[in-house]
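What follows is a set of notes on a single structure, which appears directly below.
The values are calculated or read from the model by the stated rules, or taken from the named source; none is laboratory data. Everything quoted here is computed from the prediction, not taken from an experiment. Neighbour counts are summed over all protein chains in view; Cβ atoms, including those assigned to glycine, are modelled from backbone coordinates with ideal geometry. Each accessible area value is taken on the protein alone, full model and side chains, heavy atoms only, with ligands, DNA and RNA left out. Shrake-Rupley method; radii C 1.70, N 1.55, O 1.52, S 1.80 Å.
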Amino acid sequence: MTDDHLDRLIRDVDPYRPEIIKRLAGADEQLLEEIMSTPKPDSVPARPLRRTLVRRLAGPAAAAAAVAGIVVASSVWSTPPDDRYAGPTGLPGVGTAAISGRELDLKAAQQHPRLLIDEPGWNATSVYGFAEESGTIEFRNGDRSLEMNWYPDEQYQDYYDDRLHVSRPEATTVADRPASVFTYSENDMSAMREPQDGTFVEVRTGGNWTRATFDGILTHVIKVDAESFLDALPPEIVTPGDVREEAARILADLPSPPGFDVSVLDNAGANDPYQFGAAVAGRVTCDWIAEWIRADSAGDTQAVEQAAAALRSSHRWKVLHDMNDEGDYPEVVWEIADQVADGDVPRSYQESLGC
């Protein structure tokens, strides 16, 4: 990234700079008011907070970086249209109102590795890809963290062979399953757990570790049932049963693209607030860009202006400002939205936003 590009990104973070205020004045502001007056998607009844485990089990990590946010958004939105109502693990979506939010969560958790750290002081701090074939949960305790990444079992051998270039494997056990430890450095290690129930897990250190402390914590990694796993997640994690309610809360502040269907969010899985915010804001941005392209091709000047006003308003979206201290995804949205509103559609916008 060049210095000029970095300066431009920093400048773009400020939604109140004069040129943005000018853009959102007058006609743009009137167009935006018309868009915002469109009825918002209905929310679902609020769900009770998750029960808190008496035993202290793990907690979420620092918010994900921009790249992680983009990758997650891509995994969420790449589901083929015909499969929109069933996630990668067959989760029920629209049309399954009889299924409670808790049941949706339990169904997703059943197909998750469900590994936790049964040791005081560890808290799960970041989760994404919960209902996907691949995902991550990160645990933190002081200056140390453990990241558990899971992948489909058919990828195990490729990952294992790749790790052979890191170090010689050393046999261990993780949650009553054979595993191999690979050493990157004296304080950076990973343990690859052999496949079970369709997935395998790689546990990777972060922060101040020694081989002795790593070996010690591996003895406290346990596999739990779906109920225990869900109860161990922090309340801010958005699980499948929370998606509609949380999406409606975020969308209330965003202009709805024409024909926007909140059901496209049903496959968002379970994510920390940053990841879920990227999924929702990314979907809305992608849809407004698609509308701008459609209107421009059709010569529909009014629709082009409406789409441009909606995209420029992204500088005021609360969800992006809530995320901005923890990652770069908001800046990516603002830069691309401004370019499209000015009549220049970046060729790589879909990849960048995760459309």
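Scanning segment 171-197 for residues that are open to solvent by 60 Å² or more (accessible area, probe 1.4 Å) and not in a strand (DSSP E or B) yields Asp176, Glu186, Asn187, Asp197.
No other residue among Glu227, Glu202 is within 24 Å of the chain's Cα centre (by Cα), surrounded by 20 or more Cβ atoms within 10 Å (Cβ to Cβ) and among the charged types (D, E, K, R) apart from Glu202. Annotation note: of Phe200, Phe214, the sole residue that is at pLDDT 95 or above and in a strand (DSSP E or B) is Phe200. Against the test of being among the basic types (Lys, Arg) and either touching a Phe, Trp or Tyr at 6+ places or on another chain (Cβ under 8 Å) or closer than 28 Å to Asp342 by Cα (or both), the options Arg244, Arg283, Arg249 yield a single qualifying residue, Arg283.
Every test in (1) open to solvent by 40 Å² or more (accessible area, probe 1.4 Å); (2) touching a strand residue (DSSP E or B) at 6+ places or on another chain (Cβ under 6 Å) is passed by Phe276 save one, and that test is (1).
Just wondering, is there one or more residues in segment 153-170 that are hydroxyl-bearing (Ser, Thr, Tyr), surrounded by 20 or more Cβ atoms within 10 Å (Cβ to Cβ) and over 28 Å from Glu103 (Cα atoms)? No - not one qualifying residue is present in segment 153-170.
Do we find that Ile117 is in contact with a helix residue (DSSP H, G or I) (Cβ under 8 Å, 6 or more places away or on another chain), modelled with pLDDT under 70 and over 18 Å from Val243 (Cβ atoms) in this structure? So Ile117 does not fit the description; no.
Thr136 fulfils the conditions (1) in contact with a Ser or Thr (Cβ under 8 Å, 6 or more places away or on another chain); (2) at pLDDT 95 or above; (3) among the polar types (S, T, N, Q) except for a single criterion, (2). Exactly one residue out of Ser348, Ser297, Ser352 is out of contact with any helix residue (DSSP H, G or I) (no Cβ under 7 Å at 6 or more places or on another chain), at pLDDT below 95 and over 22 Å from Arg249 (Cα atoms), and it is Ser348. Screening Val345 against (1) open to solvent by less than 10 Å² (accessible area, probe 1.4 Å); (2) farther than 19 Å from Asp261 by Cα leaves a single unmet condition, (1).
Could you go through segment 309-318 and let me know if any residue there is at positive phi and open to solvent by 20 Å² or more (accessible area, probe 1.4 Å). Scanning segment 309-318 turns up no residue that is at positive phi and open to solvent by 20 Å² or more (accessible area, probe 1.4 Å). For Arg244, the conditions (1) in contact with a Leu (Cβ under 8 Å, 6 or more places away or on another chain); (2) of a type outside the set (Asp, Glu); (3) open to solvent by less than 50 Å² (accessible area, probe 1.4 Å) all hold with the exception of (3).
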